[in-house]
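J.: For reference, the structure I am asking about is given below.
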Amino acid sequence: MIVSMTGFASGKGAFGSYGWTWELRSVNGKGLDLRLRVPDWLDGLENALRADLGKALTRGNVTLTLRVGRDETAGTLALNTGTMGVILDALHALETEALARGLTLAPTTAGELLGLRGMLEAGNGNEDPAPLVARLMAEFPGLVRDFVAMRRVEGAALFNILSEQLGQVEVLTARAAELAEARKAASAEALRVNLARVLDNSGGADPDRVAQELALIAVKADVTEEIDRLGAHVKAARALLAEGGAVGRKLDFLMQEFNREANTLCSKAQASDLTAVGLELKAVIDQMREQVQNVE
């Protein structure tokens with residue numbers, strides 16, 4: 001199945017005091033253009049994300065945005081070793097003085113000490129970002145899967161549209177073939193009449209030479225080759241759609257060939273009904289080309 005270059009996926013997550021949101025979107029492009037907006041303090045994350053996207057995608061202008069925030073109220077607490085040393089020294093001095101005076105103090109628990117002012121303080125925010133980066137990288141494949149799945153859904157819709165348009169080209173090509181066949185007898189008779197008229201007024205011109213020129217005109221007006229090529233292009237396009245994968249460039253080239261044959265058909269038509277069919281072909285081919293621009 002073909003894949004569209006248009007897609008979107010989002011997600012959110014949390015780890016410790018951090019929370020984040022992802023946004024991954026893409027539109028059509030000639031190649032693969034990755035634009036990442038990732039916090040630069042998460043060392044190594046951007047390169048790793050870029051590598052994963054490069055493996056999953058072939059074409060498209062892709063934008064990845066990662067926003068990371070931190071809940072300061074949920075920050076970690078750290079033991080203030082400086083304050084702890086001062087308090088323990090003071091406690092030791094107090095117990096020593098009490099024993100010297102014959103006094104016995106009740107034991108002091110760790111919980112009581114930790115409850116003293118200044119013993120615990122909020123973390124300074126300089127934690128190692130590696131665990132957070134690892135968590136983000138673990139969640140990223142899920143986001144990419146959702147993104148690729150949406151591009152495949154869009155691709156299925158493109159497949160249906162292009163298949164229908166190829167059917168229209170097939171019908172119009174068959175109609176052009178019928179019209180071209182129907183005009184053969186009339187064209188041959190017109191050439192015979194013109195040949196007789198030219199010979200009657202040629203004043204000694206070589207009849208064989210005149211006949212050759214008229215035959216050349218007849219060959220130039222023949223659209224059989226263009227009709228055959230249009231039929232071949234329809235088969236090639238259907239084969240590419242069935243093949244699936246990254247066939248966008250091949251389809252785009254094929255659209256150029258379709259357009260070339262339709263243009264030639266119009267220029268050689270020499271009949272209003274055949275010209276009308278050629279113009280319809282050009283309109284459908286132009287619509288196909290717009291859709292093909294979105295195929296990966």
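Laboratory data are not the source of any read-out in this text; all were calculated from the coordinates shown. Fair warning: this is a prediction, and the values are worked out from it, not measured in the lab. In this analysis, Cβ positions are derived from the backbone assuming ideal geometry, glycine residues included, and neighbour counts consider all displayed protein chains.
J.: Among 55, 235, what is the fewest-to-most ranking by other Cβ atoms within 10 Å?
T.: 55, 235
J.: Quick check on the exposure proxy: order 290, 296, 280 from fewest to most C-beta atoms within 10 angstrom.
T.: Arranged by neighbour count, lowest to highest, 290, 296, 280 become 290, 280, 296.
J.: Still on this structure, please answer the following. Pull out the extension gain between residue 113 and residue 93, defined as 0.36 nm times the separation in residues minus the alpha carbon to alpha carbon distance; nm, one decimal.
T.: Computed gain between residue 113 and residue 93 is 5.7 nm.
J.: Would any residue of segment 11-45 have its amide N under 18 Å from a label point 7 Å out along Cα→Cβ of residue 70? List them or say none.
T.: What the label zone holds, given the 18 Å backbone N cut-off, is 13-21, 38-45.
J.: What is the extension gain from residue 139 to residue 41, computed as 0.36 nm multiplied by their sequence separation minus the C-alpha to C-alpha distance, in nm to one decimal?
T.: This chain segment gains 33.4 nm when fully extended.
J.: So if we plug the beta-carbon distance of residue 283 and residue 14 into 1/(1 + (r/R0)^6) with R0 = 35 Å, what FRET efficiency do we get, rounded to 0.05?
T.: Efficiency at R0 = 35 Å is approximately 0.10.
J.: Okay, next question. How many nm is it between the label spots at residue 161 and residue 249, if each spot is 7 Å from the Cα in line with the beta carbon?
T.: 2.3 nm
J.: Using θ = phi - 60° and the Karplus curve 6.51 cos²θ - 1.76 cosθ + 1.60, what whole-Hz ³J(HN,Hα) does each residue of segment 255-268 get, with Gly and Pro shown as x?
T.: In residue order, the calculated couplings are 4, 5, 5, 4, 5, 4, 5, 5, 4, 5, 4, 5, 5, 9 Hz.
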